[in-house]
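Any read-out appearing in this document is the output of simple, stated calculations on the displayed coordinates, not a laboratory observation. None of these values were measured; they are calculated from a predicted model. Note: ideal-geometry Cβ built from the backbone for every residue, glycine included; neighbour counts use all protein chains shown.
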Amino acid sequence: MKITAISVQARDKNRVNVSVDGRYRFSLDMAQLVELGIRVGNEYDEAELVALETESQFGKLYMRALEYCFSRPHSRFEVKQYLYRKTRPRRTKTGELRPGVPVELTERVYGRLDEKGHLDDEAFARYWVENRRLKKGASMRKLYSELAAKGVSREIIDQALEGTERDDKSELKKVVAKRAGRYDDPQKLIAYLARQGFSYDDIKQALSDRGEA
């Protein structure tokens, strides 16, 4: 079987469509095209073409995962969960059940992301602590809980929290300023603030400073 045409995709100039014996067979990104040495006139048997189709699938999944990583910092656990979802069957718009990608492929994509330095729990934890609910306020306990839920280790979370200038008293003022007007009953406000991870003493002091306790 022979490669008979290689054409740049209309929607993605970084990918090409590869035709075999006059029919579209798979697509590759430009880097893969060069790396694999695909040229018009090359001949392959069926097993080799299937292997190239796997490379096509890898390239597509890697680019999607890269876009996910670049949308905002993510923890390693989040990336693993994202890739896991890609292994699950999904329904198309027409209702057809399409199988997920092989687990081996997601493991390979994860390895490539790690190799290229796109997985960094320390950078993610710093980002999360400095940006999470920055204007609305968040207790250190809440930030810790959120990072732990995202699979970040205790050591990394401690480092991120120790390295921030945020503190519970100033964060509590932000939350009280945002929420106090929503509660007619001070006890309900206190209960809400406690659920957000703030200590009772800090809550009483913050409300006292506002003349509400």
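Apply the Karplus parameterisation 6.51 cos²θ - 1.76 cosθ + 1.60, with θ equal to phi minus 60°, to every residue of region 35-50 and state each ³J(HN,Hα) to the nearest whole Hz, in sequence, with x for glycine and proline.
Karplus values, whole Hz, x for Gly and Pro: 4, 8, x, 6, 9, 4, x, 4, 10, 9, 8, 4, 4, 5, 5, 4.
So if R0 is 35 Å, what FRET efficiency would E55 and Y200 give, r being the distance between their Cβ atoms, rounded to the nearest 0.05?
Once rounded, the FRET efficiency stands at 0.05.
Relative to the Cα centre, what is the charge dipole magnitude of region 53-119, using +1 at the beta carbon of each Lys and Arg, -1 at the beta carbon of each Asp and Glu, and rounding to the nearest 20 debye? It would help to have the intermediate numbers written out before the result.
Working: 15 positive and 9 negative charges, 76 e Å.
With Lys and Arg at +1 and Asp and Glu at -1, about 360 debye.
Explain nothing, just the number: dipole magnitude of region 1-44 about its Cα centre with +1 on each Lys and Arg Cβ and -1 on each Asp and Glu Cβ, in debye rounded to the nearest 20.
Numbers: 7 positive and 5 negative charges, 32 e Å.
In total the dipole reaches around 160 debye.
Choose one answer from M140, M63, M30: the residue with the largest mean-square fluctuation in a GNM of the chain with alpha-carbon springs under 10 Å.
Sorting by GNM fluctuation, first place goes to M30.
Which trypsin sites (Lys or Arg not before Pro) in region 69-114 sit in a loop by DSSP (not H, G, I, E or B) and have at most 10 other Cβ atoms within 10 Å of their own Cβ?
Listed in order of number, the matching sites are K93.
Could you pull the Rg and Dmax for the chain, using just the Cα atoms, both in Å?
25.6, 82
Would you please state which residues of region 115-140 a label at S153 would reach in this model, taking the label point 7 Å out along Cα→Cβ and a backbone N cut-off of under 18 Å?
Inside the label zone: 115, 117-127.
Grab the DSSP H runs of the chain that are 4 residues or longer, score each as -39,500 (n - 2.57), total them, divide by all residues and round the 222 nm result to the nearest 500 deg cm²/dmol.
Working: 10 runs with 119 residues, N = 213.
Helices in the chain give a 222 nm mean residue ellipticity of -17500 deg cm²/dmol.
Assigning unit charges at the beta carbon (Lys, Arg +1; Asp, Glu -1) and nothing else, what dipole magnitude in debye, to the nearest 20, does the chain show about its Cα centre?
In debye, rounded to 20, the chain gives about 1180.
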